[in-house]
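Just below is one structure, and these are the notes that go with it.
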Amino acid sequence: MVRELEGATARTRLTLVVDLRGDEEAAEAAASRAAGLAVAALREGSEVLLATAEAGGPRLGRVASGLQVSRRLARATADGPPAATPSGGPTWMVGTAGR
């Protein structure tokens, strides 16, 4: 993913859709993968949007640091589908097996 962003002249917006529905262990692994992707993209200078499900419902929001990524993923739940994503820029789906 990071190589896809290398050499870009304009700031890239990456949307990560994190779906934690399914097995709890697989959800933990998916959250970890999403965190790694988000932090790598931020280091490369990309804008990162996270689409998750939270206790209050689906949420889509920008994260600007590893700390914000960690906090958002800690609040993410497996109670429903993640938020809908905007068009434009690459979108990566991260989830449990079969999602």
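The values are calculated or read from the model by the stated rules, or taken from the named source; none is laboratory data. Keep in mind that this is a model prediction, so the values were computed, not measured. Backbone-built Cβ (ideal geometry, glycine too); neighbour counts: all protein chains shown.
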Q.
All but one of (1) charged (D, E, K, R); (2) at pLDDT 95 or above; (3) surrounded by fewer than 15 Cβ atoms within 10 Å (Cβ to Cβ) hold for Arg3; state the number of the condition that does not hold.
A. (2)
**Q.** Any hit, region 72-83, residues being out of contact with any strand residue (DSSP E or B) (no Cβ under 8 Å at 6 or more places or on another chain) and at pLDDT 95 or above
**A.** yes
**Q.** Positions within region 61-77 being farther than 10 Å from Val18 by Cα, among the hydrophobic types (A, V, I, L, M, F, W, C) and not in a helix (DSSP H, G or I), in sequence order
**A.** Val63, Ala64
